[in-house]
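Peer 1: This is the structure I want to talk about, given as structure tokens.
The values are calculated or read from the model by the stated rules, or taken from the named source; none is laboratory data. For clarity, every value in this text was computed on a predicted model and none was experimentally measured. Heavy atoms of the whole protein, side chains included, go into the accessibility calculation; ligands, DNA and RNA do not. Shrake-Rupley method; radii C 1.70, N 1.55, O 1.52, S 1.80 Å.
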Amino acid sequence: MVSTNTSLHILLVEDQLNIARNVAEYMEAKGHVFDFAMQGQQGLALALSESYDLIILDLNLPVMDGLTVCEQLRLKSSRHIPILMLTARDTIDDKVSGFTAGADDYLTKPFSLQELEVRCLALSRRHLLQTDDVVTLGELQIDRKRKTVQRKGVPLNLHTMGYRILTFLAEEYPQVVSRSQLAQKLWGDEPTESDALRSHIYQLRSVLDKPFSYAMLKTRHGVGFALEVANGKREQGSE
């Protein structure tokens, strides 16, 4: 499991008390801080008056539904706050409506609390990557403006492909990125040699991991690749 010291300040807008309680107990045990709203208008007011890292927003809410809350927040807020929408609906039309209103991600009830945390962390990481010049992930620092990378303060001399792979993995952290996703990101629909990605991953590892005490770039065999913030111990399982 991916370990991280990231603590998020989250607004949960959910009218079902049992769901709100379960989410809060699990997430607060992981170190996250929560505020709550039981209806849409209250949630919108809090979202506009406080500074949150992320909003978990139920679709079916009293007074003002989740879609309206989302639309109003995108209209009135001076900054983009990542929104994870919760709903019991699972049709394509419902998802399209949510994304059109301004949601960043979508989770269908019932859901895994572990998956909820992973999605929240990933949303927060993507948002930081999009808004901050310097992205920090454990020992790793990526300066998007200067296109430079450091680990433990040591500059890393990465080729263009290595930088692009690392930046994409950081954007998706802590989720696993499949080989096909990476290939699409790097080459689009253009065909490439089957061993090209393996070669770029190998070169990235030789610079990112080999000089240091543990490997950040992990292979999830049969799935893809992910960055991991570990406890400083070298872990097995990397290519």
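Peer 1: Can you tally the lysine pairs in the chain where the Cα-Cα distance is under 28 Å and the two residues are eight or more apart, or on different chains?
Peer 2: Counting lysine pairs in the chain gives 22.
Peer 1: Could you point to the label whose value was computed as log10 I(q)/I(0) by the Debye sum over Cα atoms at q = 0.09, 0.11, 0.12, 0.16 Å⁻¹ for the structure here, given [x] -0.48, -0.68, -0.77, -1.13; [y] -0.44, -0.64, -0.75, -1.15; [z] -0.49, -0.66, -0.76, -1.28?
Peer 2: For log10 I(q)/I(0) by the Debye sum over Cα atoms at q = 0.09, 0.11, 0.12, 0.16 Å⁻¹, the calculated option is [y].
Peer 1: For R144, which sequence-distant residues (separation of 5 or more, or a different chain) have an amide H within less than 5 Å of its own amide H, given hydrogens modelled in the peptide plane?
Peer 2: Sorted by chain and number, the residues that satisfy this are V134, V135.
Peer 1: Related question: Nearest-5 percent of antiparallel DSSP beta bridges in the chain?
Peer 2: Once the DSSP bridges in the chain are tallied, antiparallel ones form about 50 percent.
Peer 1: Mind checking the per residue accessible area of the chain for me, 1.4 Å probe, whole number of Å²?
Peer 2: Value for the chain: 51 Å² per residue.
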